[in-house]
Number of protein chains: 2
Amino acid sequence: MYKKSRNKINIGLIGLGTIGSGVAKFLMARRGLLLKRTGIDFNLSLVCDKDLSLKRDVFLPKGMLTKDTDKVINDPDIHIIVELIGGIHPAKEIVIEALSKGKHVVTANKLLLASEGEEIFQKAKISNREVYFEASVAGGIPIIKAIREGMVSNRFSSVFGILNGTSNYILSSMSSECSSFKTALKEAQSKGYAEKDPSLDIKGMDSSHKLAILSLLAFGKRVDLDDIYVEGIEDISNLDIQYAKEFGYGIKLLAIAKCHGNELEARVHPTLLPLEHLLSSVSGAYNAIFIEADLVGKQLFYGQGAGKLPTTSAVISDIVDAGHKIICGKNSVKQIIPKDSEIKKLRKMDEVVTRYYAHFSAIDKPGVLANIANLLGRHNISIASVVQKERREAHIVPIVMLTHEAKELDMQAALSRINKLPAIKKKSIVIRLEK
Amino acid sequence: MYKKSRNKINIGLIGLGTIGSGVAKFLMARRGLLLKRTGIDFNLSLVCDKDLSLKRDVFLPKGMLTKDTDKVINDPDIHIIVELIGGIHPAKEIVIEALSKGKHVVTANKLLLASEGEEIFQKAKISNREVYFEASVAGGIPIIKAIREGMVSNRFSSVFGILNGTSNYILSSMSSECSSFKTALKEAQSKGYAEKDPSLDIKGMDSSHKLAILSLLAFGKRVDLDDIYVEGIEDISNLDIQYAKEFGYGIKLLAIAKCHGNELEARVHPTLLPLEHLLSSVSGAYNAIFIEADLVGKQLFYGQGAGKLPTTSAVISDIVDAGHKIICGKNSVKQIIPKDSEIKKLRKMDEVVTRYYAHFSAIDKPGVLANIANLLGRHNISIASVVQKERREAHIVPIVMLTHEAKELDMQAALSRINKLPAIKKKSIVIRLEK
């Protein structure tokens, strides 16, 4: 069917779940297309999964499927191992072993790279092989390639964006349909945009894994997952979405990495963004990454950040890059961690300076606003605008404000004192703001 | 200063204008950074310009500058020729000669590739060398890389976007400041966003050059520049921008390539876009490209489409890619024109089916609207919504409407008959619409 070609690359695929079966299906279905476009014949030779009895969306020729990971890794004819089982173990052992055996590795495993990336990239370097991971961040959006290759001569100042489609879907429908968090979550679950246990997504952890990978790439700084400040969207109420809108802002779950001299800020939390900001127009289960760098200026990349087909596209793009590398013969392995980093340390959350939206629930009596303003002032926080709303519940009025830039430590100190005021009847809500 | 490295790549730069001096400056200033990031030592060895007396933004060491193109092309130590003189001649001869001499070529020359691309890519293939051209479309946005590499396994259905920053700047300020085309153009000129002779930009030709390159990449179809329907923004009035806004649309100069089975549509014209479309949020001198492909779904790439630094970033990214290829030794040259194209022909503009915005200027008397609607109906054009405005000039009322999908041929036929109605007092304005 295909001309015999010296440019034949054999691929071993480990993990035949949703993404795995997409990759298997399209590697076979587009083998001819890829040959025409790249001059390389990509041959899926072995596929491994622990459960061979499951029904899948892809037909594999007899003999291609195995339960034995070692059979794939040790096959001397296989050039590329595609790891799609997810999780840290045994994915890490598989990747390390594959590199030892001289294979290039393609993976979509964000958790693995966010937590064990340094060791894996080190192993790749020693083995003179590459690890490709386009699919680990923002699915089909070629953001890893854009940062590593497209902007190779740039110094980055900030990388931030919507990295979790589930949370964005929920916040979008809360905003457009005035629904509560619970209702929006249920809807997302029924439509398949949220898992039965949505914690990883809505609590911001998924975003933080991706942020760790982007920080490593753009700033050359390994960030411990534990050191990233993470706040989820569970406490966002429809009321705050409406108030924010009145101020001209939308609320998005942002993953933010910013460089200040030799310090890096890395945080994930719900964020007010001006409605005219491009990221505010990103609705539904989409992802978008906003980048500022010294030569290119501002750039935005938008697309589907998850899902079978977009992720398949990213994995196959990596396989093709690995194929070109293998055909080359000589290994001029690209640096995964830029060696030029001037970033010395991660800025502590306490030291972060940002603007805030604050929503206080106070008893409707004279002097309350003055008390709050006073406490903010004493902690160096100045108010940019304030709206005292009509009473919503008996005797309780919402006081909503935007502050100018303030230090997180000061804000937290002020908050803790404000929350103790006798007139404050509910825990105050504070959401950070980006412009 | 730099460790002696076998991975040293020598670069010859031809054309030291705005972009050329940016590339020269940052190749030198970031030599260490690039070495750290890529493992390759990129050495700018010769720079050629026809006028050595001009003052430039970059200091070149003695002996690096020459007026002799041949000296650069024939230098056996030079691996990569960067062509930044623009125009077709002598750029074409330089590129062809450089390929003959075994050099890889990096160029930002959109006109050259749009008109002579096929011959140049053919020459590159025979010479077993590559031509890189990231900077030719959308400046700093790595869109060429995204299409060729990031989405290598995708079949594309449409590629469209804002490819000309000047026109977008003018339309944006007409919209936000209610200014006339003339005023907005003058402002763009005074701010340096438009050239003294802005024809190439505002008449849509610049966009059509870029569209030809994108069509070749995404659809494998060479499109003659003469075959691309091109309409500029000179006839867009502030009035139409305001009317469009009332219908919920903005007006953008779009370059559109769409595939319908084995036919390709390629056209450039002002276009109504729903205000909630991401491209509608692209204001000022920015570019953005919207892509639909079968695996990744919808993607958008946004950034500065021109300017010294963004373009420099794209050129250096290409130089680095060429460097990796050279270090590799073996040449697995990537296919520039996908060999898989199913596109057999370009769809004629007459056959294009689209929705329309139409603005008729009619005498305010009974039966006029009926006459217009009648003529549209006879040409199979059905009206989606219509607004008859209050009289603006003596006895003349604007009748503004959106149609459902119709064939261009039908629309033109109807228009020509409507324009002949005695009640019609000005040439009717028709703007196409995308959703």
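Would you check which residues across the stretch A:21-76 are within 14 Å of another protein chain (Cβ to nearest Cβ) and of a type in the set (Lys, Arg) and list them?
Residues satisfying the conditions are A:LYS25, A:ARG30, A:ARG31, A:LYS36, A:ARG37.
Tell me the residue from B:LEU409, B:LEU433, B:LEU421 that is in contact (Cβ under 8 Å) with a residue 12 or more places away in the chain, closer than 30 Å to B:SER158 by Cα and surrounded by fewer than 17 Cβ atoms within 10 Å (Cβ to Cβ), please.
It is B:LEU409.
Quick check: is even one residue across the stretch A:312-324 more than 10 Å from every other protein chain (Cβ to nearest Cβ) and part of a loop (DSSP other than H, G, I, E, B)?
No, there is no match, as no residue in the stretch A:312-324 is more than 10 Å from every other protein chain (Cβ to nearest Cβ) and part of a loop (DSSP other than H, G, I, E, B).
Of the residues that sit in the stretch B:345-397 and are without any contact (Cβ under 8 Å) to a residue 60 or more places away in the chain and part of a strand (DSSP E or B), which one is nearest to B:LEU216 (Cα to Cα)?
B:VAL353
Being among the hydroxyl-bearing types (Ser, Thr, Tyr), more than 25 Å from A:ASP206 (Cβ to Cβ) and either surrounded by fewer than 16 Cβ atoms within 10 Å (Cβ to Cβ) or modelled with pLDDT of 95 or more (or both) narrows it down to one residue among A:TYR249, A:TYR243; which is it?
Values: A:TYR249 fails: more than 25 Å from A:ASP206 (Cβ to Cβ).
That would be A:TYR243, the only listed residue that is among the hydroxyl-bearing types (Ser, Thr, Tyr), more than 25 Å from A:ASP206 (Cβ to Cβ) and either surrounded by fewer than 16 Cβ atoms within 10 Å (Cβ to Cβ) or modelled with pLDDT of 95 or more (or both).
Could you please find all residues in the stretch B:346-370 being surrounded by fewer than 17 Cβ atoms within 10 Å (Cβ to Cβ) and among the polar types (S, T, N, Q)?
Across the stretch B:346-370, there are no qualifying residues.
Taking helices (runs of 4 or more DSSP H) that fall entirely within the stretch A:155-219, which contain at least 3 residues that are touching a residue at least 60 places away in the same chain (Cβ under 8 Å)? Even if it seems obvious, please write down each step before you answer.
Values: elements: A:165-177, A:181-190, A:199-202, A:205-219.
Counting at least 3 such residues, we get A:165-177, A:205-219.
Determine whether B:ILE19 is within 18 Å of B:ILE326 (Cα to Cα), β-branched (Val, Ile, Thr) and surrounded by 16 or more Cβ atoms within 10 Å (Cβ to Cβ). Please lay out each step first, then the result.
Numbers: within 18 Å of B:ILE326 (Cα to Cα): no; β-branched (Val, Ile, Thr): yes; surrounded by 16 or more Cβ atoms within 10 Å (Cβ to Cβ): yes.
Considered against the rule, which asks whether it is within 18 Å of B:ILE326 (Cα to Cα), β-branched (Val, Ile, Thr) and surrounded by 16 or more Cβ atoms within 10 Å (Cβ to Cβ), B:ILE19 comes out as no.
Quick grid of which residues meet (1) within 21 Å of A:ALA314 (Cβ to Cβ); (2) among the charged types (D, E, K, R); (3) part of a loop (DSSP other than H, G, I, E, B):
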| residue | (1), (2), (3) |
| --- | --- |
| A:LEU44 | yes, no, no |
| A:LYS50 | no, yes, yes |
| A:GLY63 | no, no, yes |
| A:ASP77 | no, yes, yes |
| A:ILE81 | yes, no, no |
| A:HIS89 | no, no, yes |
| A:LYS92 | yes, yes, no |
| A:GLU97 | no, yes, no |
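So B:GLY284 passes all but one of these: (1) surrounded by fewer than 22 Cβ atoms within 10 Å (Cβ to Cβ); (2) under 23 Å from B:SER157 (Cβ atoms); (3) not aliphatic (A, V, I, L, M). Which condition number does it fail?
(2)
State which residue is nearest to the other protein chains (Cβ to nearest Cβ) when the search covers only the stretch B:148-159 and only residues that are surrounded by fewer than 24 Cβ atoms within 10 Å (Cβ to Cβ) and under 19 Å from the mean Cα position of the chain (by Cα).
Applying the filter and picking the extreme gives B:ARG148.
Applying the selection to the stretch B:296-311, what residues are charged (D, E, K, R), assigned to a strand (DSSP E or B) and under 15 Å from B:ALA108 (Cα atoms)?
Result: no residue meets the conditions.
Pick from the stretch A:73-127 the residues that are of a type in the set (Lys, Arg) and out of contact with any Lys or Arg (no Cβ under 6 Å at 6 or more places or on another chain): which of them is modelled with the lowest pLDDT? Steps first, answer last, please.
So in the stretch A:73-127, the residues of a type in the set (Lys, Arg) come out as A:92, A:101, A:103, A:110, A:123, A:125.
Filter once more, keeping what is out of contact with any Lys or Arg (no Cβ under 6 Å at 6 or more places or on another chain): A:92, A:101, A:103, A:123, A:125.
Values: A:LYS92: 98, A:LYS101: 97, A:LYS103: 97, A:LYS123: 95, A:LYS125: 91.
Among those residues, the one meeting the criterion is A:LYS125.
Can A:GLU276 be described as outside any helix (DSSP H, G or I), farther than 23 Å from A:VAL152 by Cα and among the acidic types (Asp, Glu)?
Working: outside any helix (DSSP H, G or I): yes; farther than 23 Å from A:VAL152 by Cα: yes; among the acidic types (Asp, Glu): yes.
Yes: the conditions hold for A:GLU276.
Please list, ordered by first then second residue, the pairs with beta carbon atoms under 9 Å, 6 or more apart or interchain, first in the stretch A:306-320 and at positive phi, second outside any helix (DSSP H, G or I).
Within 9 Å, the pairs are A:GLY307/A:GLY139; A:GLY307/A:GLY140; A:GLY307/A:ALA285; A:GLY307/B:GLY297.
Out of everything in the stretch B:274-308 that is aromatic (Phe, Trp, Tyr) and under 27 Å from A:THR311 (Cβ atoms), what residue ends up being farthest from the other protein chains (Cβ to nearest Cβ)? Let's see the steps before the verdict.
Start the filter on the stretch B:274-308 by keeping residues that are aromatic (Phe, Trp, Tyr), which leaves B:286, B:290, B:301-302.
Now restrict to residues that are under 27 Å from A:THR311 (Cβ atoms): B:290, B:301-302.
Working: B:PHE290: 9, B:PHE301: 6, B:TYR302: 4 Å.
Ranking the candidates gives B:PHE290 first.
Could you list, in sequence order, the residues of the stretch B:220-251 that are assigned to a strand (DSSP E or B) and under 13 Å from the mean Cα position of the chain (by Cα)? Let's see the steps before the verdict.
Narrowing the stretch B:220-251 to residues assigned to a strand (DSSP E or B): B:229-230, B:249-251.
Selection gives B:VAL230 alone.
Report yes if some residue within the stretch A:359-366 is modelled with pLDDT of 95 or more and either of a type outside the set (S, T, N, Q) or over 26 Å from A:GLY248 (Cα atoms) (or both); otherwise report no. Explain how you work it out, then say what you get.
Of the stretch A:359-366, the ones modelled with pLDDT of 95 or more are A:359-360.
So of that shortlist, the ones also either of a type outside the set (S, T, N, Q) or over 26 Å from A:GLY248 (Cα atoms) (or both) come out as A:359-360.
The answer is yes, given that some residue of the stretch A:359-366 is modelled with pLDDT of 95 or more and either of a type outside the set (S, T, N, Q) or over 26 Å from A:GLY248 (Cα atoms) (or both).
Here are some conditions: (1) of a type outside the set (Lys, Arg); (2) in a helix (DSSP H, G or I); (3) modelled with pLDDT under 95; (4) crowded, with 21+ Cβ neighbours inside 10 Å. A:ILE327 meets all but one. Which one does it not meet?
Of the numbered conditions (1) of a type outside the set (Lys, Arg); (2) in a helix (DSSP H, G or I); (3) modelled with pLDDT under 95; (4) crowded, with 21+ Cβ neighbours inside 10 Å, the odd one out for A:ILE327 is (4).
Just for the stretch B:117-147: of the residues that are away from chain A (no Cβ under 13 Å) and closer than 21 Å to B:THR311 by Cα, which one is nearest to the chain's Cα centre (by Cα)? Reasoning before the result, please.
Looking only at the stretch B:117-147, we keep the residues that are away from chain A (no Cβ under 13 Å), and these are B:117-124, B:126-127, B:129, B:131, B:133, B:136.
Right, trim to closer than 21 Å to B:THR311 by Cα and you get B:117, B:131, B:133, B:136.
Working: B:GLY117: 15, B:VAL131: 19, B:PHE133: 13, B:SER136: 8 Å.
Out of the qualifying residues, it is B:SER136.
For A:LEU13, only one of the following conditions fails: (1) of a type outside the set (Gly, Ala, Ser); (2) more than 14 Å from chain B (Cβ to nearest Cβ); (3) closer than 19 Å to A:LEU309 by Cβ; (4) out of contact with any Leu (no Cβ under 7 Å at 6 or more places or on another chain). What is its number?
Status for A:LEU13: all satisfied but (4).
The values are calculated or read from the model by the stated rules, or taken from the named source; none is laboratory data. Just so we're clear, the structure is a prediction, and the values are computed from it rather than from any experiment. Because the Cβ atoms are built from the backbone with ideal geometry, glycine has one as well, and the counts that use them run over all protein chains shown.
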